[in-house]
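To start, the structure itself, in structure tokens.
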Amino acid sequence: MADINPLLPVSSSDGSSNLTGQATCRRPIKVVVSIFFGLLTVGLFAALLIRNNGPVDYVDVHENERGSLASTAFEKAENLKPVSRGPAAGVSEKSNWAFGGDLPDYPWNNSMLSWQRTAFHFQPEKNWMNDPNGPLFYKGWYHFFYQYNPNAPVWGDIVWGHAVSKDLIHWLHLPLAMVADQWYDKNGVWTGSATILHDGKIVMLYTGSTTEGVQVQNLAYPADQYDPLLVHWVKYPRNPVLVPPPGIGPNDFRDPTTAWLTSEGKWRITIGSKINKTGIALVYDTKDFINYEMLDGLLHAVPGTGMWECVDFFPVSETENNGLETSINGHGIKHVVKASLDDDRHDYYAIGTYNDRNGTWIPDRPNIDVGIGLRYDYGIYYAAKTFYDQNKKRRVLWGWIGESDSEAADVKKGWASVQSIPRTILFDKKTGTHLLQWPVEEIDSLRLKGKEFNQVRIQAGSVVPLDIDSATQLDIIAEFKIDSDALDKATGSSDASFDCVTSGGAAERGALGPFGLLVLADERLSEQTPVYFYMTKGSDGNLKTFFCSDQSQSSKASDVDKHIYGSLVPVLRGENLSIRILVDHSIIESFGQGGRTVITSRVYPTKAIHGAAKVFLFNNATELNVTASLKTWQMNSAFIQPYPNL
Amino acid sequence: MTKIISLFILEAVFCFTFFTVSYSDINLIQTTCKKTPFYDLCVLTLKSDPRSSTADVSGLARIVADSVKAKAIATLNQISALLNSVKDPTLEKALEGCIVSYNTIIQADIPVAIDAIEKNNPKFAVQSATDAGNEAQACENSFAEKPSNSPIFSGNKAVHDLSVVLQSIASLLL
């Protein structure tokens, strides 16, 4: 047979090949492979070129977008929801304005702006403040530290401010306690907590943001334990004492808590973090606050809640009316886990049971677990922290109240943020599901002239002015009695969708609500902030009560937040409806049912200021008459000022 | 033979890496921008900045923040130019109000947003971005002639929309 391919070797009849045969057999394959490589290389270069040019069609699309801009109104940004979980309304106090559409910016004048400064809430003399830090009682003084920007009325350059008080109300400013002077806190001296040791000494653990932007925990302590003012602080020379553990992101590790004792006699702390979108609390044990062992398990975790900031963990008594030292455990004691959710700027708590042996905690009611259930406060309130006040045997809660006006106004007025009035925290024995918050009793010392109004009848659809003199610094305690007949007669509805936040506010008339008080209202009611109850009746006859605060008419200015805040408030059989309101210029703190549901709001009226501010009772319900009895007091200033002659 | 095979494997690995890297940064821009309400604006803004090819989400947020600032400065200059020649007192008042808004955006909102992104405390970037958008909106609203647009409408719209983009991207960092 003719040799069809003179290049190929003549194969041996048995199919076996030798080495020489292999070499010549592979040559076509070599060619194929080389061609393949060549094409690949060409393809790579082509891809490189295309990538650098960028697609041309984007420009065309952009031009189309421009061409279709016909109207003046921008796309309503309130449709924008953050990607991560969060309630429907407003992510932060600076949320996209509810009524941004048609009104111009308000020309704030100095009279309006200077009126906004509070008289008896803690705030520095100027500039920006945020989280409360390391509150404690020591040698006769209450100490308060806080996140502070010494340079501007916006967040940045964060250091620790410091103030002291004998009574949690009259504060005296002290020099900055800690500044960003080490590599391990150069990018921020962030939030931390104090622990008082057996011998009465104080240790402070706080988060530093390092020069690389990594979050670490640092130890600090007073320079002079005999100085009751604790003016100077020393940082442990070998900080940081804790760095992010494996599996935890360098930006997800902050805000260490006050430590509590374990049954083994070690100190235990918890630090909030997250894994993907699950909020978690890490646990560490230590004997000296320098060396730590991380527990294998977490204190607790809740999926979908995102980063847990400012975690707090403390015991409450189910039976006694006093606070508990942080290490207390045992019968008749429940533990509270609280987290500030980065995703929605709200503080959530849950009540449950702590297991000291393995450092875990489970909620009593998983359906209202941390981050998905109850909040400390349904208004502007964040980064809250408690401490045990051994002086008066109570647990006291601090909370940061930001601004809800424009940053332009903050810059103009030169300051931003206040703290809430410190509140005592107790387990609500009557419901068993809620905590009760109430302004510390020392606030009563600010009460000046008082006035009492008894059994004021407010007909359905009416407004009753209250004759008190000034209405910008007030303490109001009010009780509302409702006709039980009217409640029985009211028709139940199967529409169970009422929610303060999505409602029409105090203008939305229901059969059984709204009724309550109008504060920071001018005579003509062109500006008003209603704080009220709204009751609904289900088709099963069950009554639900909501406690709301409505900012939608609070100011003629358009560059302020106008949302409505509030929530369900449990009302037990036989209870009258009660509200306490502290009005202090641009802050209103409202307590429903003895502090079962609390709402703090910031209000910036343009007319209802100084002598023009008034208070009214109102009842906008259609089928209910209400009788109110209340006491009002003018409140003195707390004269918060620098510590004299320091 | 083994030489060729190893060469082939090497090139295959190289190709694979190259393609995944080159497509992944485009992908990051696309997936990030899909989570904002102004996809096209977001993509255009990011792609016209060379830093975007190697940026993570934090870096993309930084690019958008810089863009808001640049657009705000341009708009502020426009406003100042208009103020030089304005005769109508109502218009003058509106323009002066806008100066305040834009100064806030440039000197307060954007520096805080950038600082917060760099220091990995993104909620303050979200807050500042929201405020920047609100300031631009307030400026636009202060002009009297409705329903037509203000003389600086395109600047206000650009700053507003980009601020919303920044707000969305910063939210991803929470």
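Things worth noting here:
- Filter result (buried (at least 18 other Cβ atoms within 10 Å of the Cβ) and hydrophobic (A, V, I, L, M, F, W, C)) within the range A:229-261: A:Leu229, A:Leu230, A:Trp233, A:Val241, A:Leu242, A:Ile248, A:Phe253, A:Ala259, A:Trp260
- Single match in A:Pro132, A:Pro124, A:Pro175, A:Pro104 (criterion: assigned to a loop (DSSP other than H, G, I, E, B) and either at pLDDT 95 or above or within 21 Å of the chain's Cα centre (by Cα) (or both)): A:Pro124
- If you go through the range B:156-174 and keep only what is more than 7 Å from chain A (Cβ to nearest Cβ) and in a loop (DSSP other than H, G, I, E, B), you end up with just B:Leu173.
- Of residues in the range B:104-155 being part of a loop (DSSP other than H, G, I, E, B) and of a type in the set (Lys, Arg), the one surrounded by the most Cβ atoms within 10 Å (Cβ to Cβ): B:Lys119
- Top-ranked residue of the range A:208-228 - restricted to ones that are surrounded by fewer than 24 Cβ atoms within 10 Å (Cβ to Cβ) and either assigned to a strand (DSSP E or B) or aliphatic (A, V, I, L, M) (or both), ranked as nearest to the other protein chains (Cβ to nearest Cβ): A:Val214
Yes/no matrix, rows are residues, columns are (1) over 20 Å from A:Thr600 (Cβ atoms); (2) surrounded by 21 or more Cβ atoms within 10 Å (Cβ to Cβ); (3) of a type in the set (D, E, K, R); (4) more than 14 Å from chain B (Cβ to nearest Cβ):
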residue	(1), (2), (3), (4)
A:Pro366	yes, no, no, yes
A:Tyr378	no, yes, no, yes
A:Ser404	no, yes, no, no
A:Thr424	no, yes, no, yes
A:Leu435	no, yes, no, yes
A:Val440	no, no, no, yes
A:Lys449	yes, no, yes, yes
A:Val464	yes, no, no, yes
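- In summary, A:Leu568 fulfils each of the numbered conditions (1) within 30 Å of the chain's Cα centre (by Cα); (2) in contact (Cβ under 8 Å) with a residue 40 or more places away in the chain; (3) surrounded by fewer than 21 Cβ atoms within 10 Å (Cβ to Cβ) with the single exception of condition (2).
- Selection status of A:Glu309, charged (D, E, K, R), buried (at least 24 other Cβ atoms within 10 Å of the Cβ) and either out of contact with any Ser or Thr (no Cβ under 8 Å at 6 or more places or on another chain) or more than 15 Å from A:Thr360 (Cα to Cα) (or both): yes
- Which listed residue is farther than 24 Å from A:Ser420 by Cβ and out of contact with any Lys or Arg (no Cβ under 7 Å at 6 or more places or on another chain), from A:Val243, A:Val164: A:Val243
- Selection status of A:Tyr146, in a strand (DSSP E or B), within 22 Å of the chain's Cα centre (by Cα) and among the hydroxyl-bearing types (Ser, Thr, Tyr): yes
- When residues of the range A:343-364 are limited to those that are among the charged types (D, E, K, R) and more than 22 Å from the chain's Cα centre (by Cα), the one farthest from A:Leu295 (Cα to Cα): A:Asp364
- The residue pairs whose first member lies in the range B:120-131 and is more than 17 Å from A:Gly306 (Cα to Cα) and within 7 Å of another protein chain (Cβ to nearest Cβ), whose second member is hydroxyl-bearing (Ser, Thr, Tyr) and assigned to a helix (DSSP H, G or I), and whose beta carbons are closer than 8 Å, counting only pairs six or more residues apart or on different chains, are B:Thr130/B:Ser163; B:Asp131/B:Thr104.
- Leading residue by the ranking (farthest from A:Glu309 (Cα to Cα)) among those in the range A:178-207 that are in a strand (DSSP E or B) and within 14 Å of chain B (Cβ to nearest Cβ): A:Val189
- A:Val440 vs. criteria β-branched (Val, Ile, Thr), in contact (Cβ under 8 Å) with a residue 12 or more places away in the chain, farther than 24 Å from A:Gly402 by Cβ and in contact with a strand residue (DSSP E or B) (Cβ under 8 Å, 6 or more places away or on another chain): no
- Filtering the range B:6-33 to residues that are surrounded by 13 or more Cβ atoms within 10 Å (Cβ to Cβ) and modelled with pLDDT of 75 or more leaves B:Leu28, B:Ile29, B:Gln30, B:Thr32, B:Cys33.
- B:Asp66 vs. criteria modelled with pLDDT of 95 or more, facing another protein chain (nearest Cβ under 10 Å) and under 25 Å from B:Leu28 (Cβ atoms): no
- For the range A:535-561, a residue qualifies if it is part of a strand (DSSP E or B) and in contact with a helix residue (DSSP H, G or I) (Cβ under 7 Å, 6 or more places away or on another chain), and the qualifying residues are A:Leu543, A:Phe546, A:Cys548, A:Asp550.
- Residue in the range A:446-466 that is in a helix (DSSP H, G or I), within 27 Å of A:Ile609 (Cα to Cα) and modelled with pLDDT of 95 or more present: yes
- Tally of residues being touching a residue at least 60 places away in the same chain (Cβ under 8 Å), touching a strand residue (DSSP E or B) at 6+ places or on another chain (Cβ under 7 Å) and small (Gly, Ala, Ser) across the range A:507-544: 4
- Taking the range A:338-358 as the range and being in contact with a Pro (Cβ under 9 Å, 6 or more places away or on another chain) and either farther than 14 Å from A:Gly297 by Cβ or basic (Lys, Arg) (or both) as the test, the residues that pass are A:Asp342, A:Asp343, A:Asp344, A:His346, A:Ala350, A:Ile351, A:Gly352, A:Thr353.
To keep it simple, each residue is scored yes or no on (1) of a type in the set (Asp, Glu); (2) surrounded by 24 or more Cβ atoms within 10 Å (Cβ to Cβ); (3) within 22 Å of the chain's Cα centre (by Cα); (4) modelled with pLDDT under 95.
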residue: A:Leu295; (1), (2), (3), (4): no, no, no, no
residue: A:His300; (1), (2), (3), (4): no, yes, yes, no
residue: A:Pro315; (1), (2), (3), (4): no, no, yes, no
residue: A:Glu320; (1), (2), (3), (4): yes, no, no, no
residue: A:Leu341; (1), (2), (3), (4): no, yes, yes, no
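- Conditions (1) surrounded by fewer than 22 Cβ atoms within 10 Å (Cβ to Cβ); (2) part of a strand (DSSP E or B): number failed by A:Leu646: (2)
- Residue match in the range A:588-604 (condition: in a loop (DSSP other than H, G, I, E, B), more than 24 Å from A:Thr536 (Cβ to Cβ) and more than 21 Å from the chain's Cα centre (by Cα)): no
- Residues that are basic (Lys, Arg) and over 25 Å from A:His170 (Cβ atoms) within the range A:591-637 comprise A:Arg596, A:Lys607, A:Lys614, listed in sequence order.
The values are calculated or read from the model by the stated rules, or taken from the named source; none is laboratory data. Every value quoted in this text rests on a predicted model; they were computed, and no experiment measured them. Neighbour counts run over all protein chains shown; Cβ positions are idealised from the backbone, glycine included.
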